[in-house]
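**Student:** One structure, as C-alpha cells, below. Some questions next.
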Amino acid sequence: MKRILTLSAMLLCMASPLLKADEGMWLPALISQRIGDMQAKGFKLSAEDVYSVNQASLKDAVVLFGSGCTGELVSADGLLFTNHHCGYSYIQKHSSVEHDYLKDGFWAMSRAEELPNPGLTVRFLERMEDVTAMVLKGYKAKMTEEQRQALVKKNADKLKEQAVKDGQGLKASVEALFYGNQYFLFVFREYTDVRLVGAPPSSIGKFGGETDNWMWPRHTGDFSIFRIYAGADNMPAEYSETNVPYHPKRFMKISTAGVKEGDFTFVYGCPGSTQEYVHSDLVEYIQNVSDPEKIALRTTRLGIMKKYMDRSQAVRIQYSSKYASVANAWKKWQGEEKGLRKNKVVPVKQAYEARFEEWARGTRYAWLTEMLHNLYTQRNPVYRAYEYYNETVRAVEKIQMGMGRKLDMKDYYQPIDEEIFVAMMEAFDKALEDTYKPEFFLEKRAQYNGDMVAWKDAVFADENECKALAEALNEHYTQQIMPVVREYNQAITLRYRDYMQGQMEFEADKTFYPDANLTLRVAYGHVEGYQPSDAVYYRPVSTLKGIIEKDNPDIFDYNIPQVLRDIYARGGFENQPVCFLATNHTTGGNSGSPVLNADGNLIGINFDRVWEGTMSDLVFDPEICRNISLDVRYLLFVIKEVGHADYLFDEMVFAE
Ligand code: ARG
Ligand code: GLU
C-alpha cells in the first residue's frame, strides 16, 4: 500500500517537477495558475468554482472567524462550523457553575436558544485584487525605506477608503506579499451577530488535551457550531432580537462518503504566518538558539504550573487555559527544531545560497545573501535578548500587572507566579549580558546580593517595588531594545525584497506562493499517513475504537463522557471515523478550515498538524508534513448521538 502510494506521489512530483508535492498556500484570485495541477491530482471543479467575483463561489462559504481562525458556512441559514478550540473562549463566557457548557457541552434546541457573543465577528472576503501599481505610484528608486513606507501607507489608505465607501460592514486591508514586491487589496464584509449553536463536552472537543496535542494518532472532536445573523436586508447588523439568519451566497455541501488514502483534499482558510524564503542564518538561529532556549524556559514554567495543578483541582481549573497556551507553542517548537535538523535545512539552504550567488554575480542581486548574513550576525544578540525578555520577564503575571495589564484575578494563583518569578528572573539574569538589563535592575540585584528569592519576597509584598521593577524593564525594552530590533528588521526586509525577487528570477520556472499572512488561501494535497520513525507507519484514519482504547477515568485528558461509553457499548460504532491525516500545507490560523474533496464537498475540519512536520512553517517536507482534520462524519455522529441536536441536519445539504 505504502509503496504504491510513494510511487504515485513520485509520479505526481514528476508532473510538476519544480514544486515538491502538495507544498503551497495559494491565493484564491490566482488559482487559475494552479488549477491544472489540482485537476491533474483529482480536483473536479474549475477555478471559477473556487474563486469568483462575478458569481457565487466556494470563497463565499469561508470566513475569518474571530481574529485568528477559519470557519465555513454549511447551510442557507448561516450555520457555521469551526473548531472547539476556536469557540472555546465564547463557550467559556457562557459557562457558570450551574451551566458548565465547557464540561457538559451546549446544544441549542431551537434558534431562540442560540447564544449571542458580543465581540465575535466573522469576515467574508468580497474580493481581492492586485494593487501593486497603485500602491507604489509615485515611488522613485532613490527613496529611503522610510519614504517608501510612508508612500505605501498613503496610497494604501486611499485605496482602502475607496473600497469601503459604499457598503455596509465593509472592511479593507492592503497586504504586502513577497516582502513588498506585490500588494493586494482585500475587501471583506464583517458580520457582528454570531451566535453559539452547539459545542460538544470538552471531554470530546478537547479529548486528548495537551497529551495528544500536535500528535497522531488523534481522536479529538474539535468542533463547535455557530450561526451568523443579519438585518432584514441580509446585511451586517449589530445584535438584535429582530435579526434573522444570514443567507450566504454559497454554503458547503457535506459529503458522508468518507475518505481513504490517496483521496484528493483541499483546505480553504486563513493561514497566519510562514517564512519559506528566508536565509539559512535565520533557520540556524531558530534551530540552534531560539527554539531550544524557548523550549527550556517553557519546560521550567510548565513544570511549576503542573506541580501546583496536580495538587489541587481548583488550581488546575484556574491554570488549564494558560497551561494549554504555553504548552502549545512549546510542543510545536520541539517538532520544528527536530524537523529542521532532520531535513538538514541549514546546509541545504547554504548550498542554495551559494548557487544563487554564483548566478547573481554581476547583477543587482549580487551579495544579497552576504548582506543578509551580516545583518543577522549583527541582529542576533539583541534579537535573542528581546526574545528572552518575552519568555522570562513577561511570563511573570505579577510583572505584567506592574506594567499595567489587567489580569483576571479569578484565574490567579500566587504561589505559581512567585516560583515562576524566581526561575524566570534568574534565567533572564544569567543568560543575558548586563547591557540588556536596565540600570534599576542592576542596582536592585546588588541590593539583594543576587538573592532572587529575597527580591521576589519584596516584589510580591510591596506594590511599589513591583511597579518600579516592571516599569524599568518595560521602559528598557520598549525604548532601548525594541527600536534597535525594529531597525534591523527593516533593513532585513529591505534586503529580502530584492532577494525574493532574485529567487523568483533565479528559479524562473517555479511558481512561488507568498508567505502566509492570515489572508485567504487554498492548499491542496491528498489523504496520506506517514512514517514518524524507522519501522513505524501511521495510517491516516482514526476511529471511535481508538477513543475507547484511550479512555481512562483516572487520566483527565482521556476521561470520556459516560454517554460515549454507553453508545459504544450498544455496538455498531467500532469503525466510526474520527480524524484523518492529509498532506495539505497548513499553519496556525487554518484551525477550523473546511477540508473539501475532489467535488468541493465538505469532508472535514482542519484543526492541527503532526508535531514532526511543524517545520513546514519554514520548509515543507512532503514525507512528513501532515495536517490533522476532524472527519465530518464524527461531527455528525456527536451532534446526533451525544447532543440529540440532529434537527440541525434538516438545514444541511448532503452530497450523495
Ligand atoms: N495545536 C493546535 C493549534 O494550534 C490546537 C491548539 C489547542 N489545543 C490544545 N490542546 N492546546 O494550534
Ligand atoms: N491549531 C492550529 C490553529 O489554531 C492549527 C495547527 C497548525 O497547523 O499550526 O490554527
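The values are calculated or read from the model by the stated rules, or taken from the named source; none is laboratory data. Source: prediction; values computed, not measured. Ideal geometry is used to build each Cβ from the backbone, glycine not excepted, and the neighbour counts take in all protein chains shown.
**Student:** Mind checking which pairs have a first residue in the stretch 402-415 that is outside any helix (DSSP H, G or I) and a second that is among the acidic types (Asp, Glu), Cβ under 6 Å, 6 or more apart or different chains?
**Tutor:** Between residues of the stretch 402-415 that are outside any helix (DSSP H, G or I) and residues that are among the acidic types (Asp, Glu), the close pairs are Leu407/Glu397.
**Student:** Checking Thr265 against (1) of a type outside the set (Phe, Trp, Tyr); (2) within 16 Å of ligand 2 (Cβ to nearest atom); (3) in contact with a helix residue (DSSP H, G or I) (Cβ under 9 Å, 6 or more places away or on another chain); (4) assigned to a strand (DSSP E or B): exactly one of these is not met. Which one?
**Tutor:** Unmet condition: (3).
**Student:** For residues in the stretch 68-95 being more than 18 Å from Ser629 (Cα to Cα) and within 14 Å of ligand 1 (Cβ to nearest atom), which is surrounded by the most Cβ atoms within 10 Å (Cβ to Cβ)?
**Tutor:** So the residue we want is Ile91.
Rundown of residues vs (1) more than 16 Å from Pro271 (Cα to Cα); (2) basic (Lys, Arg); (3) buried (at least 17 other Cβ atoms within 10 Å of the Cβ); (4) more than 12 Å from ligand 2 (Cβ to nearest atom), yes/no style:
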| site | (1), (2), (3), (4) |
| --- | --- |
| Ile555 | yes, no, no, yes |
| Glu574 | yes, no, no, yes |
| Cys579 | yes, no, yes, yes |
| Thr583 | no, no, yes, yes |
| Gly600 | yes, no, yes, yes |
| Phe607 | no, no, yes, no |
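**Student:** Moving on. Is it true that some residue in the stretch 430-441 is closer than 24 Å to Gln318 by Cβ, more than 35 Å from the chain's Cα centre (by Cα), assigned to a helix (DSSP H, G or I) and of a type outside the set (S, T, N, Q)? Walk me through how you get there before you give the answer.
**Tutor:** Applying the first criterion (closer than 24 Å to Gln318 by Cβ) to the stretch 430-441 yields none.
So far as the stretch 430-441 goes, no, none of its residues is closer than 24 Å to Gln318 by Cβ, more than 35 Å from the chain's Cα centre (by Cα), assigned to a helix (DSSP H, G or I) and of a type outside the set (S, T, N, Q).
**Student:** Looking only at residues in the stretch 588-603 that are assigned to a loop (DSSP other than H, G, I, E, B) and touching a Gly at 6+ places or on another chain (Cβ under 6 Å), which one is nearest to ligand 1 (Cβ to nearest atom)?
**Tutor:** Gly588
**Student:** Which of the strands (runs of 3 or more DSSP E) found entirely inside the stretch 154-223 contain at least 2 residues meeting this: over 30 Å from Val563 (Cβ atoms), in contact with a Leu (Cβ under 9 Å, 6 or more places away or on another chain) and not β-branched (Val, Ile, Thr)? Can you show your working first?
**Tutor:** Numbers: elements: 170-177, 182-191, 193-199.
Of the strands (runs of 3 or more DSSP E) lying wholly inside the stretch 154-223, those with at least 2 residues that are over 30 Å from Val563 (Cβ atoms), in contact with a Leu (Cβ under 9 Å, 6 or more places away or on another chain) and not β-branched (Val, Ile, Thr) span 170-177, 182-191.
**Student:** Of the conditions (1) part of a helix (DSSP H, G or I); (2) at pLDDT 95 or above, Ala508 fails just one. Which one is it?
**Tutor:** (1)
**Student:** Sticking with this one: Please go through the stretch 198-225 and give me each residue that is among the hydrophobic types (A, V, I, L, M, F, W, C), more than 16 Å from ligand 2 (Cβ to nearest atom) and out of contact with any helix residue (DSSP H, G or I) (no Cβ under 7 Å at 6 or more places or on another chain), ordered by number.
**Tutor:** Hit for the stretch 198-225 is Ile225, nothing else.
**Student:** Can you tell me which residue in the stretch 120-166 is surrounded by the most Cβ atoms within 10 Å (Cβ to Cβ), limited to those that are closer than 26 Å to Leu73 by Cβ and without any contact (Cβ under 8 Å) to a residue 24 or more places away in the chain?
**Tutor:** Out of the qualifying residues, it is Val164.
**Student:** Kindly provide the set of residues from the stretch 102-111 that are over 16 Å from Val194 (Cβ atoms) and outside any loop (DSSP other than H, G, I, E, B), ordered by number.
**Tutor:** Matches in the stretch 102-111: Leu102, Lys103, Asp104, Trp107.
For every residue, the table says whether it meets (1) at pLDDT below 95; (2) charged (D, E, K, R); (3) over 20 Å from the mean Cα position of the chain (by Cα); (4) not in a loop (DSSP other than H, G, I, E, B).
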residue	(1), (2), (3), (4)
Asn584	no, no, no, no
Asp608	no, yes, no, yes
Glu612	no, yes, no, yes
Val619	no, no, no, no
Ser629	no, no, no, yes
Arg633	no, yes, yes, yes
Leu648	no, no, yes, yes
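**Student:** When you check Ser67 against the structure, is it in a loop (DSSP other than H, G, I, E, B), of a type in the set (Ser, Thr, Tyr) and within 12 Å of ligand 2 (Cβ to nearest atom), yes or no?
**Tutor:** Details: in a loop (DSSP other than H, G, I, E, B): yes; of a type in the set (Ser, Thr, Tyr): yes; within 12 Å of ligand 2 (Cβ to nearest atom): yes.
The answer is yes for Ser67.
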